[in-house]
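The values are calculated or read from the model by the stated rules, or taken from the named source; none is laboratory data. Bear in mind that the values here come from a model prediction, so they are computed numbers and not experimental data. In this analysis, Cβ positions are derived from the backbone assuming ideal geometry, glycine residues included, and neighbour counts consider all displayed protein chains. With ligands, DNA and RNA removed, areas are computed over all heavy atoms of the protein, side chains included. Shrake-Rupley method; radii C 1.70, N 1.55, O 1.52, S 1.80 Å.
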Amino acid sequence: FEEYLKQRAGGSSSAEIAAAPAAAAPVAAAPAAAAPAGGAGGDLTSTLGSLEGPGQVWGDLGIAQGKEENDLKGYENFGKFAAALASTGVAAEIAGAGPFTIFAPTDPALESYELLRGPLTAEIIKQHIVPGLISQADIPTADLTSLGGTPLVYRYAVRKHFVNDAIIGEKTFGPYSDYPMDVACSNGVIHSVGLCFGFY
């Protein structure tokens, strides 16, 4: 743009301006949406330990920290769910060939559950696991009976898909990665959710 202004001030014709190459002024690129980490053929439990969750922005709390509202604050990952799988013994139950579908809650979702309802039990963890391989597209018509035998409740409302009140395929604010869906593993698939099914 600066080059254009210089040419304009110098009295160049519009044809000369159009023929002149545009100046390559450095432009700050918007952050690229990160691809979901993990998958790549690992099993469900090991993939959960390294899976990158949705990007979260500072929002109005960032102003006091000297940040813009849409600056990246961090990622909501799945370490708490992976640890709970191991500590409750459920990881051993899904260690075989499967396949299994996991609706993996983010760390903040599990922190909220523990704060309001108490510790995570094997029963709660099993609510997030469904035997069989269910893609995101197949969720509305799939049998959603959990590993613990509890039927999960699917519904479609306000142009969104829900399972036990958790949005399936939730989007995040800004240019950052959304909730990972259809993360392929050697013994199943992972869909991430922002709510613990134990609240339902």
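I134: within 23 Å of T45 (Cα to Cα), open to solvent by less than 50 Å² (accessible area, probe 1.4 Å), modelled with pLDDT of 95 or more and assigned to a loop (DSSP other than H, G, I, E, B), yes or no? Break it down into steps so the answer makes sense when it comes.
Details: within 23 Å of T45 (Cα to Cα): yes; open to solvent by less than 50 Å² (accessible area, probe 1.4 Å): yes; modelled with pLDDT of 95 or more: yes; assigned to a loop (DSSP other than H, G, I, E, B): yes.
Here the answer is yes, as I134 does meet what is asked.
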Flag if T150 is touching a residue at least 60 places away in the same chain (Cβ under 8 Å) and among the β-branched types (V, I, T): no
Among (1) under 21 Å from F199 (Cα atoms); (2) in a strand (DSSP E or B), the one test that Q56 misses: (1)
Selection count, the range 184-200, where residues are closer than 22 Å to T150 by Cα, assigned to a loop (DSSP other than H, G, I, E, B) and modelled with pLDDT of 80 or more: 4
Single unsatisfied condition, D165 versus (1) in contact with a His (Cβ under 6 Å, 6 or more places away or on another chain); (2) more than 30 Å from E68 (Cα to Cα): (1)
Filtered residues of the range 152-175 (kept if at pLDDT below 90 and either crowded, with 22+ Cβ neighbours inside 10 Å or within 15 Å of Q136 (Cβ to Cβ) (or both)): G169, E170, K171
Conditions (1) modelled with pLDDT of 90 or more; (2) surrounded by 17 or more Cβ atoms within 10 Å (Cβ to Cβ); (3) outside any loop (DSSP other than H, G, I, E, B); number of the one not met by M181: (3)
Residue in the range 71-82 that is open to solvent by 60 Å² or more (accessible area, probe 1.4 Å), closer than 19 Å to V193 by Cα and modelled with pLDDT of 85 or more present: yes
Failed item, numbered, when E114 is tested on (1) under 20 Å from the mean Cα position of the chain (by Cα); (2) closer than 30 Å to N70 by Cβ: (1)
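I'd like to verify a number: residues in the range 121-130 that are outside any loop (DSSP other than H, G, I, E, B) and in contact with a Phe, Trp or Tyr (Cβ under 6 Å, 6 or more places away or on another chain), how many?
The initial filter retains those residues of the range 121-130 that are outside any loop (DSSP other than H, G, I, E, B), namely 122-126, 129-130.
Next, from what is left, pick out any that are in contact with a Phe, Trp or Tyr (Cβ under 6 Å, 6 or more places away or on another chain): 129.
So the answer is 1.
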Within the range 44-61, tally of residues that are touching a residue at least 60 places away in the same chain (Cβ under 8 Å) and of a type in the set (D, E, K, R): 1
A64 in contact (Cβ under 8 Å) with a residue 40 or more places away in the chain, not in a loop (DSSP other than H, G, I, E, B) and not β-branched (V, I, T): no
Residues being touching a strand residue (DSSP E or B) at 6+ places or on another chain (Cβ under 9 Å), among the basic types (K, R) and assigned to a helix (DSSP H, G or I) - total across the range 69-120: 1
